[in-house]
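What follows is one structure encoded as structure tokens, with my remarks underneath.
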Amino acid sequence: MNNSLTNTGRLLWAGLRALLVLTLVTGVLYPLAVTGVAQALFHDTANGSEVRAGDKVVGSSLIGQAYNLPVKKGQKTPEPDLKWFQGRPQNGLGTNSVNTRYQLILSGATNRSGDNADLVQWVKDAKAAVIRDNSTGDHTVEPSEVPADAVTSSGSGLDPDISPAYAQLQVHRVAERNGLTDAQVRRLVDDHTEGRTLGFIGEPRVNVLELNIALKDLVGKG
């Protein structure tokens with residue numbers, strides 16, 4: 001009987017020691033080592049790819065933002081603030097009270113087929129809005145100029161980038177609304193256009209948040 005209790009106690013103590021060692025290694029030492037390497041070699045990425053304006057964090061280069069006017073009384077959805085460059089439509093995020101647009105509860109696509117009546121109407125409405133909003137006194141946007149990313153949401157609904165074509169489409173409107181020349185704003189777009197990753201992955205793109213920060217700085221200097 002005593003021998004049985006001794007063996008049981010020995011096994012329990014061995015199991016407890018193994019638990020403590022594994023907890024220390026996998027629960028403390030390994031996370032600290034991985035965190036240390038990430039902070040040392042990939043500091044910006046490890047901290048959420050933060051974007052700063054001055055000394056203030058204003059967002060992440062990985063997450064899109066909405067640039068809207070305050071909601072007026074009686075309005076269900078806000079109007080875009082047209083002095084800023086606008087990102088892609090956000091239909092993929094839905095419009096219910098929990099999962100509001102660009103509020104990071106969850107992400108997702110519209111999950112509608114190409115011939116879905118709702119999706120077709122969304123695209124038509126978005127195209128009409130893009131043409132209306134971006135046509136100025138001395139420039140009219142043609143339907144053929146509107147790129148696909150101007151009227152469709154991304155797979156996640158959180159895409160922070162737009163195509164150079166969509167950014168260039170907005171140049172006349174942004175210049176007019178901010179008292180700048182088309183050349184000044186076009187230069188901003190060119191300066192913030194990134195090429196394909198490693199020269200062959202993905203497509204050229206423009207980060208809307210970073211572009212709008214540069215626009216704010218340019219307007220402030222003027």
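Just so it is clear, none of the values below were taken in a lab; they were calculated from the coordinates. No experiment lies behind these values; they were computed from the predicted model shown. Cβ sites come from the backbone with ideal geometry, for glycine too, and all protein chains shown count toward neighbours.
Relative to the present Cα-Cα distance, how much length would full extension add between W13 and L29 at 0.36 nm per residue of separation?
Value of the extension gain: 3.5 nm.
I'd like to compare 62-70, 16-24, 139-147: which one has the highest average count of other Cβ atoms within 10 Å, and what's the full order after that?
62-70, 139-147, 16-24
For the stretch 2-44, what is the convex hull volume of the alpha-carbon atoms per residue, in Å³?
So the per-residue hull volume is 30 Å³.
Would you calculate the volume per residue, in Å³, of the smallest convex hull containing every Cα atom of the chain?
245
Roughly how many nanometres apart are two label points built 7 Å out from the Cα toward the Cβ at S49 and T136?
The modelled label-to-label distance comes out at 3.0 nm.
Take F200 and N111, extend 7 Å from each Cα along the Cα→Cβ direction, and tell me the distance between the two endpoints in nm.
Distance between label points: 3.6 nm.
Going by Cα centres, the stretch 113-138 and the stretch 181-222 are how many Å apart?
Their Cα centres are 24 Å away from one another.
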